[in-house]
Amino acid sequence: MSAKAVREYHGKKLLAKFLRQEGGHDVEDRAALITNTTNYAELEQAEPWLVSDEVKLVVKPDQLIKRRGKAGLVGINLTFDEVKEWIAARMEKEIKVEHVTGQLDHFIVEPFVKHDQEDEYYVCIQSEREGEEILFCNEGGVDVGDVDAKAQKTTVRINETVSAQDLLDRNLFQGVPSERVVKVASFVETLLKVYRKLNFTYMEINPIVVVADRVTPLDLAAKIDETATFLNASDWGYLEFPAPFGRKEFPEEAHIRELDSKTGASLKLTILNQAGRVWTMVAGGGASVVYADTISDLGYGHELANYGEYSGAPSTEHTFEYAKTLIGLMTKTRDPRGKVLIIGGGIANFTDVAATFTGLIKALEMYQDDLKSNNVSIWVRRAGPNYQEGLKLMRETAMTTGLPIRIYGPETHITAVVPLALGLSKASEYPEFDDEEGHRLKRERRNKALGRTDSMIFREEQSKVPFAAQDPAPEDHAVENFSASTRCVVYGLQNRAVQGMLDFDFMCKREKPSVAAMIFPFSSNHYIKFYWGTNEILMPVYQEMKECFERHPDASVVVNFASMRSVYASVVEILEFSDQIKTIAIIAEGVPESQTRALNMKASEKGVGIIGPATVGGIKPGCFRIGNTGGMLDNIVHSKLYRPGSVAYVSKSGGMSNELNNIICQNSDGVYEGVAIGGDRYPGSRFIDHLLRYNDNPHTRILVLLGEVGGIDEYEICEAVKSGRISKPLIAWCIGTCASIFPFEVQFGHAGALARGNMETALAKNAALKAAGALVPGNFIEFGDKIKETYDKLVASGRLVKAPEPETPKIPMDYTWAKRLGLVRKPANFISSISDDRGDELQYAGTPISEVFEKDMGVGGVLSLLWFRRELPSYATKFIEMILMVSADHGPAVSGAHNTIVCARAGKDLVSSLVSGLLTIGPRFGGALDDAALMFTEASDAGVDAAKFVKDMRKSNRLIMGIGHRIKSLSNPDKRVEIIKNYALENFQDNTVLKFALAVEQITTKKKANLILNVDGCIAACFVDMMRSCGAFSTDEANELVKNGCLNGLFVLGRSIGFIGHVLDQKRLKQGLYRHPWDDISYLNGVDM
């Protein structure tokens, strides 16, 4: 969705700033935007010109309303008080403008420019494929009339800059008085610069007025390329893209738009009629249009409640949010006739159907009672990766919830569920996905009608081809004709796509892999392993294009997976090797239109063909596959894409290209070649480029076009059919026929799918194609029937004869995918029960990371989840944090800190220095916690008296761990011990082990004052009491954790804080290499010893 309309207020603010900056034009920049939340007192203070006696004002709605003057929606020559009265009379009031009814809630207020009629002019700039077209008329205003007929026009090509004199030389300003014409020409010159700089796609100013040598835009309608945000965000500042007048945005729409901004997938929702009875949840941009079309074409457009899509492999959680939002809206209002929910989609290329259905099913289960009470019938049609599992899950949901769900797979036409859902077709004629007997009988009936068996298929016999088609020379067409020897380079580390291409190659029995190498500029040259059948091969990855292309001179295609931000630069660099590279496929979506058009021009000059942007690619069965085209291998087999058929197609939609593969396979001998040119407004190669290539190829018998609303490329095809340049049967259909039923402008799934005039509508294009001689069905449901009808005629005429179907090739399935499908199992090499990063959100012991922060668990809470798999009480997690705090450091003299400092001063890195200190932790330094805990606990549990415990330890000649300090004593207590001890006594429910340890201290200090309970012993005793009394552990579990070393782990974790501090301290102080002074060493020789 590229071109977005902006408010007049924001558009004029941009013009005022940049017309001055780019050309020194002093344009009025005073304007105010007033809404129902505007505080007039604050506004008057911020914009004092509003209340000036010297300034009269103009006010009008700023809501993308056309012809406001004729509708009486402009107040002129008013004071601000009159403006407020004018707005108050209309604010939040419903009005009807032409055939659209909506509510007024945004108004623009500007200074009134007094002028005469002859001061008004009309100017419009609009982007076209080759450049910008400028329209200028010496008349302007509400009565300008047919500007297409009256205006002077000129086109400024993409790489062309024009001066005011150039525009004058083109006679663009006929009728403008000589004293003004230079000023007007300069203004239009600068306007074009600003238009291009800010990535506008359309701008109409009607009128501009020229008064006293000053040019002022009075009324502005403009659209900006939203995909250029990463280029222009700082220039644009705050920009609002309002909904079309008559369609107030629902909160749910805003929610989905926010979700969409947070994911790499595509989530779109537009509410058309909240009270509508027919709701859709469709996967895929092209498919979403096809479903809306079919509902409209069957006469139910007025019942269609929504338009939208979910595509691009959304996560399970995002799909759940989307479905929950949609179903929640659907069940808000009741309809006595019941409602229909169509869950549809084409055959996905890479989206895991089961994963998305898991989220969808979660929403169905959540709303099952509401769905039943609203008498909602649910109709599902889906295919693609793992679709079998997804449909099975949906079947189980139908059984467990009792919801009326009918479920279909790829054997059923993509939109066949629409007439079924609307009661226009008999369900008995369409077996569901798991009705094997029903599908068998249907195949038998179909094959009988075709006069063939499952093992035979109609195939072209070239010796009997009656068409006088030429085998073209490669230079005749921009995009090369792919063959079984075509090789490519893949730009970007897209391992999954590359493996899919290699599997396709192996399935087609290619001698060499189609992928020669990969380019990844962000790492040095290396190799990546891939499978070639069951064998492993190494694929070279290059950092530099030049080296890659030099080492692989047989590569003539680049499949470019660069992101929208970097694709322009990468393609420009690829074009430097145009002597070798003849075709570039650009996969990225969201490439700014200005960059796309510039690339198209550069590629044309270099003689390089471009497929895309915003494309899945293309496929030539038996020869070559671009990226993920054709989807998973099971779909390649299902649509028989491993061998060529006789039908060649071109489409905009990548998802619908998969559907075309399926439709063509079911209604003919299959696909010869198919290309999805991409959904943007200016794809690198156009429909006509590929259709002419197909027409000139003697191996194709039927041509198929799937066009869409927006653009005029289809009219070139009409001319080619009329002139006979396209001589083969052409079955054509343009999706987007539903656009005519909407009272307001709707942007469909693709950036280019938006009509800018009647000529660009799908209805007009279909009519024109039919009039030209193309075979146009009545609707998309009949698309496959038209292909079959044409194919059967060719067969009947002898142009196609029967040929044996080759054996279906077998390809080993990747282990990961086979496991997901439940076909294999293998013991895991690792087991982990504390964290999980596989889902939508990182989890610690089953707790989502967002919940960790919502509950403010802190470091202690995280540690308890990851170490103990428990959520401990807050007093316990605070105690853990206290342990870390008191054990963080004990000065630079202790052995661990000393080692760390020496290592850091030797120039070692932070990790090495830290490790050197940690390696000193053991029985003599810091490692006494575990042993102290075990000693005190075992004695306490055994009921041993403290005095006997001390006596027994002395008899066995064992040190009591946790007792003794070098300098601290009862009279000079360790503050750390006091803090830990007092917190435990105040907060823990039981202090048995601590009390035993304190009793031991009373015995040992009688012998020597410094044999106190030290910090290690205190922590150990308290920690055992905490675990045993907090309710989260059994006694055995607590004992096991101590034995496993968790207490020493706390010391290691805490002391790491101090060790890192010492490293940073030494680095900050620039301390040099440490050498121990010799006078601090006792040197002994053999005699001394």
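The values are calculated or read from the model by the stated rules, or taken from the named source; none is laboratory data. If you're wondering where the values come from, they're calculated on a predicted model, not measured in any experiment. Virtual Cβ from ideal backbone geometry, glycine too; neighbours counted across all protein chains shown. The protein model used for the area step is the full one, side chains on, heavy atoms only, and it has no ligands, DNA or RNA in it. Shrake-Rupley method; radii C 1.70, N 1.55, O 1.52, S 1.80 Å.
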Answer residue from the range 1019-1057, given it is within 18 Å of residue 915 (Cα to Cα) and among the β-branched types (Val, Ile, Thr) and is least open to solvent (accessible area, probe 1.4 Å) among those: 1052
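Please give the helices (runs of 4 or more DSSP H) falling wholly within the range 166-275 in which 3 or more residues are within 30 Å of residue 286 (Cβ to Cβ).
On the way: elements: 178-197, 229-236, 251-261.
So the answer is 229-236, 251-261.
If we only count helices (runs of 4 or more DSSP H) wholly inside the range 760-852, which ones have 1 or more residues that are over 30 Å from residue 535 (Cβ atoms), at pLDDT 90 or above and touching a Gly at 6+ places or on another chain (Cβ under 7 Å)? Step through it out loud before you land on a result.
Values: elements: 762-772, 783-796, 815-820.
So the answer is 762-772.
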Residues (among the aliphatic types (A, V, I, L, M), closer than 28 Å to residue 954 by Cβ and open to solvent by 10 Å² or more (accessible area, probe 1.4 Å)) located in the range 982-1000: 998, 999
Pick from the range 10-37, criterion within 15 Å of residue 60 (Cβ to Cβ) and aliphatic (A, V, I, L, M), ranking: most open to solvent (accessible area, probe 1.4 Å): 33
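State which residue is farthest from residue 299 (Cα to Cα) when the search covers only the range 691-741 and only residues that are of a type in the set (A, V, I, L, M) and open to solvent by 20 Å² or more (accessible area, probe 1.4 Å).
Let us first name the residues in the range 691-741 that are of a type in the set (A, V, I, L, M), namely 691-692, 702-706, 709, 712, 717, 720-721, 726, 730-732, 735, 739, 741.
Then keep just the ones that are open to solvent by 20 Å² or more (accessible area, probe 1.4 Å); that gives 692, 712, 721, 739, 741.
Working: 692: 36, 712: 27, 721: 31, 739: 13, 741: 10 Å.
For the range 691-741, the residue satisfying everything is 692.
Here is a list: 921, 967, 963. Which entry is under 26 Å from residue 890 (Cβ atoms), in contact with a strand residue (DSSP E or B) (Cβ under 7 Å, 6 or more places away or on another chain) and either touching a residue at least 24 places away in the same chain (Cβ under 8 Å) or open to solvent by 40 Å² or more (accessible area, probe 1.4 Å) (or both)? It would help to see each step written out before you state the result.
On the way: 921 fails: in contact with a strand residue (DSSP E or B) (Cβ under 7 Å, 6 or more places away or on another chain); 967 fails: in contact with a strand residue (DSSP E or B) (Cβ under 7 Å, 6 or more places away or on another chain).
Criteria check complete, one pass: 963.
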Subset of the range 52-67 (residues that are polar (S, T, N, Q) and either over 19 Å from residue 85 (Cα atoms) or in contact with a Gly (Cβ under 8 Å, 6 or more places away or on another chain) (or both)): 63
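Output yes when any residue across the range 270-279 is on the phi > 0 side of the Ramachandran plot and open to solvent by 10 Å² or more (accessible area, probe 1.4 Å), and no when none is.
Within the range 270-279, the first condition is being on the phi > 0 side of the Ramachandran plot, and the residues that meet it are none.
Within the range 270-279, none of the residues are on the phi > 0 side of the Ramachandran plot and open to solvent by 10 Å² or more (accessible area, probe 1.4 Å).
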Test: residue in the range 240-256 that is over 38 Å from the mean Cα position of the chain (by Cα) and either open to solvent by less than 10 Å² (accessible area, probe 1.4 Å) or under 23 Å from residue 270 (Cβ atoms) (or both): no
Residue match in the range 544-566 (condition: under 21 Å from residue 598 (Cβ atoms), assigned by the TED database to the domain that holds residue 493 and of a type in the set (D, E, K, R)): yes
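Being in contact (Cβ under 8 Å) with a residue 60 or more places away in the chain and touching a Ser or Thr at 6+ places or on another chain (Cβ under 7 Å) narrows it down to one residue among 275, 287; which is it?
Exactly one of 275, 287 is in contact (Cβ under 8 Å) with a residue 60 or more places away in the chain and touching a Ser or Thr at 6+ places or on another chain (Cβ under 7 Å), namely 275.
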Of residues in the range 75-101 being closer than 15 Å to residue 38 by Cα and in contact (Cβ under 8 Å) with a residue 40 or more places away in the chain, the one most open to solvent (accessible area, probe 1.4 Å): 92
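Which one of 1003, 1060, 979 is open to solvent by 10 Å² or more (accessible area, probe 1.4 Å), of a type in the set (A, V, I, L, M, F, W, C) and closer than 23 Å to residue 943 by Cβ?
Working: 1060 fails: closer than 23 Å to residue 943 by Cβ; 979 fails: closer than 23 Å to residue 943 by Cβ.
Only one candidate passes the filter, namely 1003.
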Answer from 634, 669 - the residue that is under 29 Å from residue 800 (Cα atoms), acidic (Asp, Glu) and at pLDDT below 90: 634
Helices (runs of 4 or more DSSP H) within the range 999-1089 that include 2 or more residues within 27 Å of residue 904 (Cβ to Cβ) and charged (D, E, K, R): 1046-1068
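In the set 974, 931, 952, 1016, which member is among the charged types (D, E, K, R) and surrounded by fewer than 16 Cβ atoms within 10 Å (Cβ to Cβ)? Don't jump to the end; show me each part of the working.
Numbers: 974 fails: surrounded by fewer than 16 Cβ atoms within 10 Å (Cβ to Cβ); 931 fails: surrounded by fewer than 16 Cβ atoms within 10 Å (Cβ to Cβ); 1016 fails: surrounded by fewer than 16 Cβ atoms within 10 Å (Cβ to Cβ).
Result of the check over 974, 931, 952, 1016: 952.
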Long-range neighbours under 7 Å by Cβ, at least six apart or interchain, first residue outside the structural domain of residue 411 (by the TED database) within the range 664-675, second outside any helix (DSSP H, G or I) and of a type in the set (D, E, K, R): 665/640; 669/459; 670/640; 673/620
The lone exception for residue 185 - which of (1) modelled with pLDDT under 95; (2) of a type in the set (Gly, Ala, Ser); (3) open to solvent by less than 60 Å² (accessible area, probe 1.4 Å) it fails: (1)
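Please list, ordered by residue number, the helices (runs of 4 or more DSSP H) wholly in the range 350-427 having 3 or more residues that are closer than 29 Å to residue 823 by Cα and at pLDDT 95 or above. Walk me through it before giving the result.
Details: elements: 353-366, 368-373, 387-401, 417-421.
Output list reads 353-366, 387-401.
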From the options 46, 71, residue that is without any contact (Cβ under 8 Å) to a residue 12 or more places away in the chain and either under 27 Å from residue 187 (Cα atoms) or of a type in the set (A, V, I, L, M, F, W, C) (or both): 46
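The rows are residues; the columns are (1) in the same structural domain as residue 202 (by the TED database); (2) within 23 Å of residue 27 (Cα to Cα); (3) in contact with a Cys (Cβ under 8 Å, 6 or more places away or on another chain); (4) of a type in the set (A, V, I, L, M).
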position: 61; (1), (2), (3), (4): no, yes, no, no
position: 70; (1), (2), (3), (4): no, no, no, no
position: 81; (1), (2), (3), (4): no, no, no, no
position: 124; (1), (2), (3), (4): yes, yes, no, no
position: 127; (1), (2), (3), (4): yes, no, no, no
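I'm checking my understanding of the structure. Among residues of the range 602-619 that are small (Gly, Ala, Ser), over 21 Å from the mean Cα position of the chain (by Cα) and not in a loop (DSSP other than H, G, I, E, B), which one is farthest from residue 588 (Cα to Cα)?
Within the range 602-619, the first condition is being small (Gly, Ala, Ser), and the residues that meet it are 603-604, 607, 609, 612, 614, 617-618.
Now narrow it down to the ones that are over 21 Å from the mean Cα position of the chain (by Cα): 603-604, 607, 609, 618.
Right, trim to not in a loop (DSSP other than H, G, I, E, B) and you get 603-604, 609, 618.
Working: 603: 17, 604: 20, 609: 16, 618: 14 Å.
In this case the residue turns out to be 604.
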In the range 620-666, residue nearest to residue 515 (Cα to Cα) [restricted to those that are part of a loop (DSSP other than H, G, I, E, B), open to solvent by less than 10 Å² (accessible area, probe 1.4 Å) and small (Gly, Ala, Ser)]: 627
The range 276-313: number of residues that are part of a loop (DSSP other than H, G, I, E, B) and either under 12 Å from residue 346 (Cα atoms) or of a type in the set (S, T, N, Q) (or both): 1
Failed item, numbered, when residue 872 is tested on (1) open to solvent by less than 20 Å² (accessible area, probe 1.4 Å); (2) in a helix (DSSP H, G or I): (2)
Matching helices (runs of 4 or more DSSP H) fully within the range 1-98 where at least 3 residues are in contact with a helix residue (DSSP H, G or I) (Cβ under 8 Å, 6 or more places away or on another chain) and of a type in the set (A, V, I, L, M): 8-23
Selection count where residues are surrounded by fewer than 18 Cβ atoms within 10 Å (Cβ to Cβ) and assigned to a helix (DSSP H, G or I), scope the range 885-903: 3
